[in-house]
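Single-structure report; data block below.
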């Protein structure tokens, strides 16, 4: 089982929408319609990379780092 597979239980819709609420509380707004859907999808991908970077599983350039 890969490291990403083991951690999937922590990457939830609660985490994603918690970030959305945080951004909105700071005045950030998603566009309406399809553009907003696309923006949310991209945000999910970036959030996943941010989580991996925070834990040292990716470097600052998006490259996966081998964890010993």
Tabulated pairs, region 3-31, first over 15 Å from residue 44 (Cα atoms), second loosely packed, with under 11 Cβ neighbours inside 10 Å and modelled with pLDDT of 95 or more, C-beta under 9 angstrom, 6+ apart or interchain: 28/22
Run residue 11 past the list (1) under 10 Å from the mean Cα position of the chain (by Cα); (2) modelled with pLDDT of 95 or more; (3) not in a helix (DSSP H, G or I) and report the number of the one that doesn't hold. (2)
Kindly indicate whether any position in region 16-23 is at pLDDT 85 or above, assigned to a helix (DSSP H, G or I), under 10 Å from the mean Cα position of the chain (by Cα) and on the phi < 0 side of the Ramachandran plot. yes
Any pair with Cβ under 8 angstrom, 6 or more apart, that starts in region 41-68 at a residue that is farther than 14 Å from residue 12 by Cα and ends at one that is modelled with pLDDT of 85 or more and part of a loop (DSSP other than H, G, I, E, B): 64/57; 65/56; 65/57; 67/56; 67/57
Those residues of region 25-68 which are within 12 Å of the chain's Cα centre (by Cα) and in a loop (DSSP other than H, G, I, E, B), in sequence order: none
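The values are calculated or read from the model by the stated rules, or taken from the named source; none is laboratory data. Just so we're clear, the structure is a prediction, and the values are computed from it rather than from any experiment. Every residue, glycine among them, receives a Cβ derived from its backbone with ideal geometry; neighbour counts consider all protein chains shown.
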